[in-house]
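Read the figures in this text as sums done on the coordinates, not as results from a lab. Quantities reported herein were computed from a predicted structural model and do not represent experimental measurements. Note: ideal-geometry Cβ built from the backbone for every residue, glycine included; neighbour counts use all protein chains shown.
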Amino acid sequence: MNRFGIRKDYHGYLFITPFILGFLVFGLYPVINTLTLSFTDTTLMSREASFIGLKNFQRLFADDFFMKAVRNTWVLWILNFIPQIGIAMLLSIWFTSARLRIRAVGIWRALFYLPNLLMPAAIARLFFSLFSFYGPVNQFMVQAGILGEAMHFLQDISVTRGIVVFIQWWMWFGQTVIILMAGMTAIPIHLYEAAMVDGASGFQMFRRITLPLLKPILIFIFVTSLVGGMQMFDIPYMLTDGRGSPVYSTMTNNILMYMKFSSSKGHIGAASSVGVLVFIMTSLCAMGIFYFLRERD
Amino acid sequence: MRTTYKFNSILMRVFVYIVLLILLVITIVPIWLLIVNATRSTVEIQQGLSLLPSTHLVENYRILVSKGISMAQGFSNSLFVAVASTVITVYFSMLTAYALVVYDFKGKELFSNFIIVLVMIPMQLSIIGFFHYMSRLGLTDNYASLILPLIANAGAVFFGKQYLESMVIHELIDAARIDGASELGIFHTVMMPLAIPGAATMGIFAFVASWNNFFNAFVLISSFDKYTLPMLVRTLRGDVYRTEYGAIYLGLAITIVPIIIIYAIFSRYIVSGIAMGAMKE
């Protein structure tokens, strides 16, 4: 009852109905359908499909490709996430420091954020061009005498992985700065003042005040980055030949799923089983982080 | 003692500015090279690096068109999908968020938590089941399959809820009720005008997300005349030995420059919007 004595609360149900219907039709049903398909040998070409139990999953574990894709995805995500959170944390501390008084924080921050809005597919193609044999990076390095002669960067496993990781870092550190700073400026100043009266050092204040109070924000960054990272596709796909070259070293979960989907027969049953396993792995990790690290009060 | 402290402080500031400048160069140079190279001829690009624009923009565009890559068609396709996605996302997400902020109903808490769970679930991994289902409905190679799912956009609802909670609107709603307005009418005529800044921010993010979306379009859309820009970008790849570099850079620049312009105009909304999308509880 609201204070005018007119019951309007059923409108709440009415107003969330489109969302719920949209979720059931376009969210939940596709998930169930993917799960169902993963137990069948459905292909794009055939009209009929039969139930084959866990065969798709057995096949995934039988060849090394699936585990390779999972390993690659984790490696590429972790190598990007550590410098991303590290540099973002450093910049956030500098930008909010009363002692350093950095000028034009808003402008720095806005510029660092820019890459995040740009199309990942186009950025990967851009880096493909920049690092190609006749590209600007080779030109620069040969002219500057860093390299004796131009090199095929994208045929080298570590360099290619490094470029994928770099692009991810480049696109996300600015966003992480903005989120961390929002968390830091929300911490009441009197906590720091009290700590200063007690003679705490800058590092102690960071350890004992900033970090614990930032925990919910850090969990948010961690979880959303993980969920996004496990579905990494555009950048490794566009940077390479669509198979995660060289020698499948940048083949991620979604690239493998797409390869099964787009194979000559279109094995959507097998592709679904990749989706199902990665879905379970990612959701469990995300939920695990969220519930175990969360403040229990 | 005092002077050394001050000296250290200045030294630290110099160090910080140097690091910031290096990061700025890393951030801007790739984008700058892209835009500059879009105006240079392939010969110029092969001759060496330059940070200054040249005069071959139109020529590069002609080459792109002559290779059968219709950026204009792709641009208008992307624009249509992005605008429709933005409208659907903003309207339905605000409606859902409004229900969560304004009404009390059983299961509200559960529904709010469910939204947060949805934000954390990798829904894109069900793309195969989604494709299969859409093909049975005859909706593959149809923009509806890209736009309609946004009726249930959990991230946008979360953002809308945070935004509406920061506005005090209950008095206005009660006043409108006394005037005899319907509940949906109140949402349209009282809440929406007030929430324009938040709706604009949500809209910008929805627009950019749709504009940049490659994977879903790549799986769902098949005919060439329906290709969106990221799908055309995929075709911008000559072989390594003889390529029209200038044209390729131009094709990439066409996909990126509109977003840079939008950002230049709305950067303040966008930056404040990111912080609001992050969880606060």
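What order, most packed first, do the peptides A:221-233, A:137-149 have when packing is the mean number of other Cβ atoms within 10 Å of each residue? Mind dumping the intermediate values first?
Working: A:221-233: 20.4, A:137-149: 12.5.
Result, highest mean first: A:221-233, A:137-149.
Distance in nm between label sites at B:LEU172 and A:TYR13, each 7 Å beyond Cα in the beta-carbon direction?
Between B:LEU172 and A:TYR13, the label points sit 2.9 nm apart.
Give me the Kirkwood hydrodynamic radius of the range A:208-297, using the inverse of the mean 1/r over all pairs of distinct Cα atoms, in Å to one decimal. It would help to have the intermediate numbers written out before the result.
Working: mean 1/r = 0.0666 Å⁻¹.
It works out to 15.0 Å.
Please compute the contact order of the range B:71-230 in relative form: average sequence separation of alpha-carbon pairs under 8 Å and at least six residues apart, divided by the residue count, as a percent. Display every interim value, and only then the final one.
Details: 142 pairs, mean separation 74.8, N = 160.
Across the range B:71-230, relative contact order equals 47 percent.
Nearest 10 degrees, 0 to 90: what angle lies between the long axis of helix B:108-120 and the longest principal axis of chain B (Cα atoms)?
On a 0 to 90 degree scale, this one is about 10.
Over all pairs of distinct alpha carbons, what does the Kirkwood formula give as the hydrodynamic radius of the range A:1-126, in Å? Mind dumping the intermediate values first?
Working: mean 1/r = 0.0466 Å⁻¹.
The Cα-based Kirkwood calculation yields 21.5 Å.
Binning every alpha carbon pair distance of the range A:62-293 at 5 Å from zero, what are the percents per bin?
Bins of 5 Å from zero give 1, 6, 12, 14, 14, 14, 12, 9, 8, 5, 3, 1, 0, 0, 0 percent of pairs.
Can you give the Kirkwood hydrodynamic radius for the range A:73-115, in Å, rounded to one decimal and based on Cα pairs? Display every interim value, and only then the final one.
Numbers: mean 1/r = 0.0849 Å⁻¹.
Over the range A:73-115, the inverse of the mean reciprocal pair distance is 11.8 Å.
Show that you can apply the helix-only estimate: for chain B, add -39,500 (n - 2.57) for every DSSP H stretch of four or more residues, divide by all residues, and state [θ] at 222 nm to the nearest 500. Write out the running numbers ahead of the final one.
Values: 14 runs with 200 residues, N = 281.
So the calculated ellipticity at 222 nm is -23000 deg cm²/dmol.
Express in % the proportion of alpha carbon pairs of the protein assembly as shown at distances exceeding 48 Å.
Values: 25480 of 166753 pairs.
Percent of Cα pairs beyond 48 Å in the protein assembly as shown: 15.
Can you list residues whose amide H is under 5 Å from A:THR40's amide H, if they're 5+ apart or on another chain and H is modeled 1.01 Å from N?
A:ILE52
Need one value for A:126-137: mean number of C-beta atoms belonging to other chains within 10 Å of its residues' C-beta atoms. Before the final figure, lay out each step's value.
Numbers: counts 11, 2, 5, 12, 6, 0, 6, 2, 8, 7, 10, 2.
Per residue, the number of nearby Cβ atoms from other chains is 6 on average.
Could you work out the relative contact order of the range B:1-104? I mean the mean sequence separation of Cα pairs under 8 Å and 6+ apart, divided by the number of residues, in percent. Working shown, then result.
Numbers: 33 pairs, mean separation 15.6, N = 104.
Once normalised by length, the contact order is 15 percent.
Bin all alpha-carbon pair distances of the range B:71-230 at 5 Å intervals from 0 and give each bin's fraction as a whole percent.
Distribution as computed: 1, 8, 16, 18, 17, 14, 10, 8, 4, 2, 0, 0 percent.
Sorted by mean Cβ packing within 10 Å, highest first, what order do the peptides A:174-183, A:258-267 take? Numbers along the way, then the final one.
Values: A:174-183: 23.8, A:258-267: 17.1.
Put in order of decreasing packing, that is A:174-183, A:258-267.
If you plug each phi of the range B:67-84 into the Karplus form 6.51 cos²θ - 1.76 cosθ + 1.60 with θ = phi - 60°, what whole-Hz ³J(HN,Hα) values come out, in order, with x for Gly and Pro?
Running phi through 6.51 cos²θ - 1.76 cosθ + 1.60 with θ = phi - 60° gives 7, x, 9, 8, 5, 5, 4, x, 4, 6, 4, 4, 4, 4, 4, 5, 5, 4 Hz.
Give the span of chain B's Cα atoms along each principal axis, as three whole-Å numbers ordered largest to smallest.
Result, largest extent first: 77, 73, 35 Å.
Could you give P(r) for the range B:43-139, binned at 5 Å from zero, as whole percent values over all Cα-Cα pairs?
Each 5 Å bin holds this share of Cα pairs: 2, 8, 8, 10, 13, 12, 10, 8, 8, 8, 5, 4, 2, 0.
Between B:PHE224 and A:ARG59, how many nm apart are label points set 7 Å from Cα along the C-beta direction?
Distance between the two pseudo-spin positions: 3.2 nm.
Could you work out the mean count of beta carbons from other protein chains within 10 Å of each residue's beta carbon in A:98-111?
Numbers: counts 0, 3, 6, 2, 4, 2, 1, 1, 3, 2, 6, 3, 6, 6.
Per residue, the number of nearby Cβ atoms from other chains is 3 on average.
Computed over the Cα atoms of the range A:115-176, what is the ratio Rg over Rh, Rh following Kirkwood?
On the way: Rg = 12.8 Å, Rh = 12.5 Å.
Taking Rg over the Kirkwood Rh, I get 1.02.
Averaging over every viewing direction, what projected area does the convex hull of the Cα atoms of the range B:148-281 cover, in nm²? Intermediate results must be reported in sequence, preceding the final value.
Working: hull surface 47.6 nm².
It is 11.9 nm².
Mind giving me the FRET efficiency for A:ALA49 and A:TYR291? R0 is 45 Å, r the Cβ-Cβ distance, nearest 0.05 is fine.
Details: r = 37 Å, r/R0 = 0.83.
My answer for the efficiency is 0.75.
Could the peptides A:17-23, B:36-42, B:173-179 be put in order, highest first, of the mean number of other beta-carbon atoms found within 10 Å of their residues?
Values: A:17-23: 17.4, B:36-42: 22.9, B:173-179: 14.6.
Top to bottom by mean Cβ count within 10 Å: B:36-42, A:17-23, B:173-179.
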